[in-house]
Every structure is written in structure tokens, then in C-alpha cells.
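J.: Please read through the structure below; I'll follow up with questions.
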Amino acid sequence: MYCNAIRSKRLFDYKLELESQKLPFLEEKLATLRRIKADEDSMRLPCSVEEDIQETLERIGTLKNNPVEIKPVEQMELVPSYQVPDTLFWIGCTKDTVRY
């Protein structure tokens, strides 16, 4: 159980770290796409990143308006609990004599 708690905490911390990096990453991506668009405009080429700019703006707006709530990972039982039957007929012993 202790290992599960450590794993859950580390996973939760990592998700928080990734979530905190999302907005700065999208803002950097938007700046890069705008530089690409400016270069294409200066060379009189058709804009190839307009769709990406719009999508990135929408994602930034969504993140700013609705921050994502990260919930801790639920504890899950890695080994299912095993119920020892009252009598093990095939061995001929009772559950009091079985070591598990």
C-alpha cells in the first residue's frame, strides 16, 4: 500500500508540473507560428499556419477561462484479495493450516 501511495503522489505531482507548463508552451507556440506567418507574408507566400494559429488561440482561451482540475489517482488494488475457502478438499486441510 505504501508503494501505491508513493506512486500516486509522484504521478499527481508530475501531472501538476505538466499542467503548469501547458500555457507557457502554447504561448511560445503561438509566437513561433506568428513569426512563420510574418515570414510567409514577407515572401508573398500563401499562409500555411493560419489554421494552427486559430487552434492555438482557442486552446489558450480555453485554458485561461477553464483551468483543468487534476484529481489524485485512485488507489487500486494491484493483487485482488483472495478468499481462502473454509475447506480445501483437494489437499485435505483447512484454511487455518494454509500459509499464504
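Read-outs throughout are calculated quantities, based only on the coordinates presented, and are distinct from any laboratory measurement. Just so it is clear, the model here is predicted, and its values are computed rather than measured. Backbone-built Cβ (ideal geometry, glycine too); neighbour counts: all protein chains shown.
J.: Which of the residues spanning the range 8-24 are surrounded by 14 or more Cβ atoms within 10 Å (Cβ to Cβ) and out of contact with any Leu (no Cβ under 7 Å at 6 or more places or on another chain)?
T.: Within the range 8-24, SER8, PHE12, LYS15, GLU19 qualify.
J.: Taking GLU17 as the residue in question, decide whether it is more than 18 Å from the chain's Cα centre (by Cα) and part of a helix (DSSP H, G or I).
T.: When the stated conditions are applied, GLU17 does not pass them.
J.: For the range 25-47, name all the residues that are surrounded by 11 or more Cβ atoms within 10 Å (Cβ to Cβ) and outside any helix (DSSP H, G or I).
T.: CYS47
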